[in-house]
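Data first, discussion second: the structure below is written as structure tokens.
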Amino acid sequence: MTDTGGSEKHTIAVMVENKFGVLSRVAGLFSARGYNIESLSVGETLDATVSRMTLVVKGDAFVVEQVIKQLHKLIDVIKVTDLSEENHVEREMLLIKVNAEPGRARKS
């Protein structure tokens, strides 16, 4: 996915050990290097000892390569995959809260 600023969005899947503080260490890795996480989702896998983190990061190929190398160096990281390099399906979800007073609905 190409952005108008010349950098690309990359979706990175990270399999990590399901331990206290892993999310903090991964987020700290990004903030220490001045990289922004566009989106982050974390969930436990079928194996309760492993979680999957899905991150969306914006940057050129060099930045993403550096991020992946740094992620591999973290002790609790099991596997890192750049999903942008593979065939994949992307979805976006929007959650909207609407305040409406009862009895104020229009009839058609």
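Before moving on, here are some points about what is shown:
- Search result, residues across region 42-72 that are loosely packed, with under 10 Cβ neighbours inside 10 Å and closer than 12 Å to Val14 by Cα: Gly43
- Checked against (1) in contact with a Phe, Trp or Tyr (Cβ under 6 Å, 6 or more places away or on another chain); (2) closer than 13 Å to Leu83 by Cβ, Ile37 meets all criteria but (2).
- Of all residues in region 44-65, those satisfying the criterion of being of a type in the set (Val, Ile, Thr) and in a strand (DSSP E or B) are Val50, Thr54, Val56, Val57.
- Within region 90-108, residues that are closer than 23 Å to Ala13 by Cβ reach no partner that is surrounded by 10 or more Cβ atoms within 10 Å (Cβ to Cβ) and modelled with pLDDT of 75 or more with beta carbons closer than 7 Å at six or more positions or on different chains.
- Here region 73-94 is the region considered, the condition is being touching a strand residue (DSSP E or B) at 6+ places or on another chain (Cβ under 6 Å) and at pLDDT 90 or above, and the residue that is farthest from Arg25 (Cα to Cα) is Thr81.
- Residues (touching a residue at least 40 places away in the same chain (Cβ under 8 Å) and within 24 Å of Asn18 (Cα to Cα)) located in region 44-63: Met53, Thr54, Leu55, Val56, Val57
- So Glu92, is it of a type in the set (Asp, Glu) and surrounded by fewer than 13 Cβ atoms within 10 Å (Cβ to Cβ): yes
- Taken over region 26-37, the criterion of being surrounded by 12 or more Cβ atoms within 10 Å (Cβ to Cβ) and either of a type outside the set (A, V, I, L, M) or in contact with a helix residue (DSSP H, G or I) (Cβ under 8 Å, 6 or more places away or on another chain) (or both) is satisfied by Val26, Gly28, Leu29, Phe30, Tyr35, Ile37.
- Long-range neighbours under 7 Å by Cβ, at least six apart or interchain, first residue assigned to a loop (DSSP other than H, G, I, E, B) within region 26-40, second surrounded by 11 or more Cβ atoms within 10 Å (Cβ to Cβ) and modelled with pLDDT under 85: Tyr35/Gly59; Tyr35/Val63
The values are calculated or read from the model by the stated rules, or taken from the named source; none is laboratory data. Since this is a predicted model, take the numbers as computed values, not measurements. A quick note on method: Cβ atoms are made from the backbone with ideal geometry, for glycine too, and the neighbour counts reach across all protein chains shown.
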